[in-house]
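To start, the structure itself, in structure tokens.
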Amino acid sequence: MKDTVVPHADVRSRTVERLVKGMATSDGAGVRLTRVLTQDLQRRLDPFLMLDAFRNEHADDYIGGFPDHPHRGFETVTYMIAGRMRHRDSAGNEGLLESGGAQWMTAGSGLIHSELPEQEAGLMEGFQLWLNLPAASKMVAPSYRDLPSSAIPGFDAGGGVHVRVIAGRSHGVTGAVERPDTEPLYLDVHLPAGTRFTQPLPTGHNAFAYTYRGSVSIAGTVVPDRHMAILANDDGTGVTLEAHEDARALIVAGRPLGEPIAQYGPFVMNTAEEIRQAFADYRRGAFDAASVRAL
Ligand code: MN
């Protein structure tokens, strides 16, 4: 898609409503990670349900990976900065997620998958973002897309600023994935010291930035390394990141669904009854494509 020119010079940056450091935890088979977007922020950051950041130098902290587990009712977006992870799922998909690449998985009505490191040493770094599905789409058939690094569009924004567009649109560049219901924007912005980057944001979309190298300033608030800045909703027309040192940050935004959120572990539905049903379906093997075919 070719540009409409966006008047970036006219954008007034939203302010930082709150800084969040995230919670150190482990998940899967002992993978150490930081849960940045926790369950108590799901309503505030609707349609986003979770953001995990992982950056582990030592194999012991990631080698167990995430063995077979189910999901229903939402999408997972895994973005790899460094490392190799093998994905397999009960819908028969398999892929290798490598440095700079992403995986976009729609769990929909349900699947079982594993996410296992395909490296025994060295840095493993990346993010997993959970994006909710509207009630009408929670039971769609599962689907899956591998986005190798070469499939993620990027552009230079001047002064050495580089932007990768995983989802949505930025400065006339259309990202690898678009979703009409929530219009998610997912950018990875690399800023040399002394530069800035401005992204317009639609009114009413919930938005946050997450720094993963160095710090940035947003509307006068310093966002330290490895912090999420929740952006105020109604005091600006976009966001401007200013880097006083070399920095990298994610910008994530989307249109809230405004629907009830019922989560239990790997299932995210709208009601407790639907969660109960998800457990019942999982227990009787409905998520396991092999047993479905055998029936
Ligand atoms: Mn998973």
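Here, each number is a calculation from the coordinates, and none is a lab measurement. Nothing here was measured: the structure is a model prediction, and the numbers come from that model. All Cβ positions, even for glycine, are placed from backbone atoms using ideal geometry, and neighbour counts span all protein chains on display.
What the phi angles of region 13-26 give under the Karplus curve with 6.51, -1.76 and 1.60, with θ = phi - 60°, is a coupling list of 6, 4, 8, 8, 7, 6, 9, 10, 8, x, 10, 5, 7, 9 Hz, glycine and proline written as x. Using just its DSSP H runs of length 4 or more, each adding -39500 (n - 2.57), the chain gives a mean residue ellipticity at 222 nm of -1500 deg cm²/dmol after division by all residues. Computed 3J(HN,Hα) for region 163-175, one whole-Hz value per residue from the Karplus formula 6.51 cos²θ - 1.76 cosθ + 1.60 where θ = phi - 60°, is 10, 9, 10, 6, 8, x, 9, 9, 6, x, 9, 8, x, glycine and proline marked x. Comparing the chain with the 2.2 N^0.38 Å rule of thumb, its C-alpha radius of gyration ratio is 0.98 (two decimals). Name the shape class, rounded, prolate or oblate, that the alpha-carbon gyration tensor gives for region 116-180, where a ≥ b ≥ c are the square roots of its eigenvalues, rounded holds for a/c under 1.5, and otherwise prolate holds if a/b is larger than b/c and oblate otherwise. Since a/c reaches 1.5 but b/c is at least a/b, the shape of region 116-180 is classed as oblate.
Less than 5 angstrom separates the built amide H of Glu115 from those of Phe66, all sequence-distant by 5 or more or on a different chain. Taking a ≥ b ≥ c as the square roots of the eigenvalues of the alpha-carbon gyration tensor, region 25-116 is classed oblate because a/c is 1.5 or more while a/b is no larger than b/c. Between Ala59 and Leu257, the C-beta separation translates, for a Förster distance of 30 Å, into a calculated FRET efficiency of about 0.20.
Per residue, the average separation of C-alpha pairs within less than 8 Å and at least 6 apart gives the chain a relative contact order of 22 percent. Coupling constants for region 76-86 follow from the phi torsions by the Karplus curve (6.51 cos²θ - 1.76 cosθ + 1.60, θ = phi - 60°), and in residue order they are 10, 10, 9, 10, 9, 8, 8, x, 9, 9, 9 Hz; glycine and proline get x. Taking the Cα atoms only, what angle lies between the long axis of helix 272-283 and the longest principal axis of the chain, rounded to 10 degrees? Between the helix axis and the principal axis of the chain, the angle is about 50 degrees.
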